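What follows is a short report on a single structure.
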């Protein structure tokens, strides 16, 4: 509590004002203002006296005053998605904490606002730009971090047109990228899952993904397909699709089970559907058929068998977003920057057991 | 996109200023300022002309200017907890979305900042108040929403002392409550689980909770105990404790299994530990022993068997927090208000099967 009792704010919570600093230093308020904004105008002795008073009183310039002076709010807008948006959103708190922590360190704060559900909105929908407009007109924020970007997302175009700095968590997946983004390399993650399964002796490795057309889903499918080709394995009849729902995935998987020894999936929810299809067939996930998920959701470690899953470095994404955004604010004309972060496969019981057809255990590596 | 193209902001993203409004209306900037702040000073014709120019240009007063004028930032601070704080935090996005949506409707915005891990900090720790101090000194926020409150939490006392409005998600659990809070009635939730299990014929219903001393944990234990007494059932040797970890819960439960037909737990993680202990003993959760969880985490519905769990109304909590906070800002002297929301038991397969010793099925209800 030492910090609390010694900290500023004056008695009874009254804020320390410029006038109070002036009084303490025995100068005019204009002189205090000069000391803050144009210190070169003051005699060294006067400047020292004012700085001493500022330190003694622990004076912090009023944020709104600074904001008016600099024409910047030092706030970064972030629209929080509705929980029921139907996406398999991984837990956000790691991302949000890293985002606000990095922003704090760079002298910014995150301004949160509620994003309407935009996913799946038609081309004529205003989906998601209303609040952006309002925040810009109020000059409440200097910049935005976007998440949940998707094909046809109107936000990047809007912000680009207005000359407002932004960074997206997630590629725009459109023909031309209009700005900075940070994303996780989904293809790298599913390829890592294939490599892991091939090393354990699997050859018939299916991919259970979402229906074609979603940027991140197609990307995850590509990682599996390219890794299979690299290992000279056939992908024929092994690409399966289901919406992101346990029972739908179970139905899809049930029909496809014969003849596969492992399944790479595009989400932990789809992996769960695989578990159920295996149980329905009297088979054991991890023992009879290996399964990998994607997202490393909290459930993954808790399942029985625990689920191997591709882990997204969400805290690193948060930090990288702020890094790009601060560069963009300082240098609006620079070429767009993109950061693709590598996820990592967390190996657990669902893929730990060697395939019966695999190479014998030994000191190969 | 209609809203986008017709909205203000001027050409090339240049904001509409007071000066531009004055020019359009053919008046001085002071007159525009008066029209906004003291319209009674103006002649009706002049006022109408200024208002017309404001509407035509879609002028919004600069947020910082309004903030300086009103000495309020219209921002509410919310500290986001680190992801690895060790608590079984339910997914936050429902709460955060409701919080920012309600704030938006009330004319406020949520300012996010990174909270250091405060839980478990000793009495001399400054844990968690540093950022609060700084935001107050900058006058960046008008009020705070606190979450993750715990015994010995220094934040409510600090804010109370400074006269800063705040509302906590979670009781302070201290001898005297120093402010407004919204919480979920944990005891109600575990009592509902007991009622549900008793109705299914269970009599030996254990409680697996956290070690004594945590506010919410003790509250959930109380709900179980009182409901058991209400049903005239013994609680002797049926209160079990484990830290919130699957394997620790499994060990605790394994020793306690003989003689119980149902287990009410204080978290979904503890319930998972029960599942494992049952499997270790060759028993089936939901068939041989009923299990209920708490939090209704995304994993609950995905488990096999799916886990009955107490669902917390997080969106309602978010809305209630803003409602109390806005009342507090408007009426700082009013008596503290507290809202305790009822959670609901979501019944799934882990508790759906009737106990062997229960009453015969029939048209009782």
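The values are calculated or read from the model by the stated rules, or taken from the named source; none is laboratory data. This structure is a prediction, so every number in the text was calculated from the model and none was measured. Because the Cβ atoms are built from the backbone with ideal geometry, glycine has one as well, and the counts that use them run over all protein chains shown.
Among A:155, A:220, which is surrounded by 21 or more Cβ atoms within 10 Å (Cβ to Cβ), within 30 Å of residue A:79 (Cα to Cα) and within 14 Å of chain B (Cβ to nearest Cβ)?
Details: A:220 fails: within 14 Å of chain B (Cβ to nearest Cβ).
None of the other options fit; the residue is A:155.
Step by step: first the residues of region A:83-97, then only those that are modelled with pLDDT of 75 or more and within 8 Å of chain B (Cβ to nearest Cβ), then the one that is surrounded by the fewest Cβ atoms within 10 Å (Cβ to Cβ). Which residue is that? Don't jump to the end; show me each part of the working.
Taking region A:83-97 and keeping what is modelled with pLDDT of 75 or more, we get A:94-97.
If we keep only those that are within 8 Å of chain B (Cβ to nearest Cβ) as well, we get A:94, A:96-97.
Numbers: A:94: 20, A:96: 26, A:97: 25.
Among those residues, the one meeting the criterion is A:94.
Among the candidates A:125, A:168, A:187, A:192, which residue alone is at pLDDT below 85 and either surrounded by fewer than 24 Cβ atoms within 10 Å (Cβ to Cβ) or outside any helix (DSSP H, G or I) (or both)? Please lay out each step first, then the result.
On the way: A:168 fails: at pLDDT below 85; A:187 fails: at pLDDT below 85; A:192 fails: at pLDDT below 85.
Going through A:125, A:168, A:187, A:192 in turn, just one is at pLDDT below 85 and either surrounded by fewer than 24 Cβ atoms within 10 Å (Cβ to Cβ) or outside any helix (DSSP H, G or I) (or both): A:125.
List the pairs whose first member sits in region B:39-67 and is under 30 Å from residue A:75 (Cα atoms) and more than 11 Å from every other protein chain (Cβ to nearest Cβ), whose second member is crowded, with 17+ Cβ neighbours inside 10 Å and modelled with pLDDT of 85 or more, and whose Cβ atoms are under 7 Å apart, counting only residues at least 6 apart or on separate chains?
Cβ pairs passing all conditions: B:53/B:21; B:53/B:24; B:53/B:25; B:54/B:21; B:56/B:24.
Considering region A:52-76 alone, what residues qualify as being modelled with pLDDT of 80 or more, part of a helix (DSSP H, G or I) and crowded, with 19+ Cβ neighbours inside 10 Å? Step through it out loud before you land on a result.
To start, the set of residues in region A:52-76 that are modelled with pLDDT of 80 or more comprises A:52-57, A:74-76.
Pick out the ones that are also part of a helix (DSSP H, G or I) and you get A:52-57.
Of everything in region A:52-76, those that are modelled with pLDDT of 80 or more, part of a helix (DSSP H, G or I) and crowded, with 19+ Cβ neighbours inside 10 Å turn out to be A:53, A:54.
If you scan region B:255-271, which residues turn out to be in a helix (DSSP H, G or I) and over 20 Å from residue B:347 (Cβ atoms)? Show your work before the answer.
Initially, region B:255-271 is screened for residues in a helix (DSSP H, G or I), giving B:255-256, B:268-271.
Scanning region B:255-271 gives B:255, B:256.
Being at pLDDT 75 or above, more than 9 Å from chain A (Cβ to nearest Cβ), crowded, with 21+ Cβ neighbours inside 10 Å and within 30 Å of residue B:299 (Cβ to Cβ) is the requirement here; does residue B:79 meet it?
Numbers: at pLDDT 75 or above: yes; more than 9 Å from chain A (Cβ to nearest Cβ): no; crowded, with 21+ Cβ neighbours inside 10 Å: yes; within 30 Å of residue B:299 (Cβ to Cβ): yes.
No; evaluated as a whole, the condition is false for this residue.
With the structure loaded, tell me whether residue B:35 is modelled with pLDDT of 80 or more and in a helix (DSSP H, G or I) or whether it fails that test.
Numbers: modelled with pLDDT of 80 or more: yes; in a helix (DSSP H, G or I): yes.
In short, yes.
From (1) free of Cβ contacts under 8 Å to residues at least 40 places away in the same chain; (2) within 29 Å of the chain's Cα centre (by Cα), pick out the condition that doesn't hold for residue B:317.
It fails just one condition, (1).
Kindly indicate the residue of region B:272-312 that is part of a loop (DSSP other than H, G, I, E, B) and touching a strand residue (DSSP E or B) at 6+ places or on another chain (Cβ under 8 Å) and also surrounded by the most Cβ atoms within 10 Å (Cβ to Cβ) among those meeting that condition. Reasoning before the result, please.
Pass one, region B:272-312, residues part of a loop (DSSP other than H, G, I, E, B): B:281-284, B:286-288, B:295-297, B:303-307, B:312.
Narrowing further to those that are touching a strand residue (DSSP E or B) at 6+ places or on another chain (Cβ under 8 Å): B:283, B:295-297, B:305, B:307, B:312.
Details: B:283: 13, B:295: 25, B:296: 24, B:297: 27, B:305: 17, B:307: 30, B:312: 23.
My answer is B:307.
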